[in-house]
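Below: the structure, in structure tokens.
What follows draws every value from the coordinates through simple rules; no lab data is involved. In this text, all values refer to a predicted model and were calculated from it rather than measured experimentally. Neighbour counts are summed over all protein chains in view; Cβ atoms, including those assigned to glycine, are modelled from backbone coordinates with ideal geometry.
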Amino acid sequence: MAPVTHHYEKVPYSSSQEEPTDYYLAYHIAEAHSSEQVIERQPRKKRLGRAHFIFIALFIVSYMVFFIARGSFASTRVAAGMRQKCRETMHRFGLAGHGMHRNMSTATGAKLPTHYTLPSGDKIPAVALGVWRAGRGEVGEAIKAALKLGYRHIDGAWIYGNEAEVGQAIRESGIPRKDLWLTSKLWNTFHAPEDVEPALDESLARLGTDYLDLYLIHWPVAFKKGGNNDVDFELTENPYPTWQKLEEMVEKGKVRNIGISNFNIRRIQNLTANPLKVKPAVNQVELSYWNPQPELLQWSKENGLLLEAYSPLGSAEKVKESLDVAEAKEIAKDLGITPAQLYISWHVQRGTIVLPKSVNSARIEENFGVVALPDSAIQRLEIAATSHKPLRTVDPSKNWGVDIWN
Ligand SMILES: NC(=O)c1ccc[n+]([C@@H]2O[C@H](COP(=O)([O-])OP(=O)(O)OC[C@H]3O[C@@H](n4cnc5c(N)ncnc54)[C@H](OP(=O)(O)O)[C@@H]3O)[C@@H](O)[C@H]2O)c1
């Protein structure tokens, strides 16, 4: 965060001044009595007595006002507004910030979208429960709590290793399959066209369903067969054969929509340059206060590709820090919501799906409390998020020996 400088006006007297001088007396008498004639009519002694009284009263009042103001000004909305104006001006003149920080709001004080419509015509719920690192023995309860609260969208993946428990909890919830949105993801080991359908079938069997609402290529990285996470650079650079197999899964009715995850603009264009039968419906990427990716967001809007915000709270590694960001705490306090609710609402207001993960029922409920934010709040958060160096919390590039973001 940029350091904030406070400016205070100097007052005429300081505590170090003991007795007011005649100059100050005369000044304040003149201030208090607009007409010199009024003073003229009084005897000098009486005038001075009254002047003393007025001066002392003024002195005490201004002394108190100054100290009260100095103590509390920094935390007022006026001060916050001044700081904000200052930052906006700096940004306008390109004196601060990383990347763009346009107002990405889709709703200006209006209601937030509860769903987005995909190219297939399907409506995907804007808020999902993420289940990465939701351990066995806890993920089922989390799913049931979420469904009870009104969540209808679960974001899972083959690699999360918890699809069977997710499926079991869904069945126990009694909610009809048609009312739910289930997403899963194709792991890197299964990009070879002949491996796609068996991997999908495994996810379907574990979830206990015969179709997915959305199936994503989890990473733009293909591993060679053999289980050593050795990168197949050819298939990584050309994901079209994998994509064609996903299109076939749509034709077969095993998935209703297909998409990508962790693709940058170059990799998206590399894929969509092919004669696709089905265009990617979404791109699931890291979007958070730490990594807001305004350029990707803008580009995706211009190119009609919906983004899904993963790690929206900064993931387990940075969630504490996210919730402790001074600007977010201040905005959330002003709006009477929690910082987590502020971030999650901000993502929806930016026009993305958002996938907060929690296995704690109180936090699951908190995270579902999405509200429409005033434009000023969105802009403040957008500027704050784009004013520091972007930082990814999820980046396996080094482990896999491939620059995923290139
Ligand atoms: N496509 C991809 O490559 C990819 C990568 C990463 C994530 N994702 C998806 O995105 C989902 C979300 O991302 P994420 O799990 O990395 O991170 P996240 O949702 O940003 O943060 C999850 C962490 O925040 C805690 N938390 C949640 N709500 C909270 C609240 N209101 N107050 C305080 N702490 C809270 C959770 O702990 P508790 O559970 O204890 O509440 C957990 O430690 C994943 O579950 C997954 O579905 C996809």
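Between Glu321 and Glu251, the contour length at 0.36 nm per residue exceeds the alpha carbon distance by 20.7 nm. Note on Lys329: aspartates and glutamates with a C-alpha under 16 Å away, same-chain residues under 8 apart excluded, are Glu321, Glu366, Glu382.
When you filter the GluC sites (Glu not before Pro) in region 137-203 for DSSP loop state and at most 15 other Cβ atoms inside 10 Å of their Cβ, you are left with Glu138. Taking other C-beta atoms within 10 angstrom as a stand-in for reagent exposure, Phe263, Phe223, Phe368, Phe233 fall in the order Phe233, Phe368, Phe223, Phe263, fewest first.
Legend: distances between Cα atoms for Lys318/Lys389; Lys144/Lys333; Lys111/Lys320; Lys224/Lys252; pairs beyond 24 Å are Lys144/Lys333; Lys111/Lys320; Lys224/Lys252.
At an R0 of 51 angstrom, the distance between the Cβ atoms of Lys301 and Val61 translates into a FRET efficiency of 0.40. Taking label points 7 Å from Cα along the Cα-to-Cβ direction, Lys398 and Gln269 give a separation of 3.0 nm. Within region 119-399, all pairs of alpha-carbon atoms sorted by distance into 10 Å bins from zero give the percentages 6, 29, 36, 23, 6, 0.
At full extension, Ala362 and Leu276 could sit 26.6 nm farther apart than now, given 0.36 nm per residue minus the alpha carbon distance.
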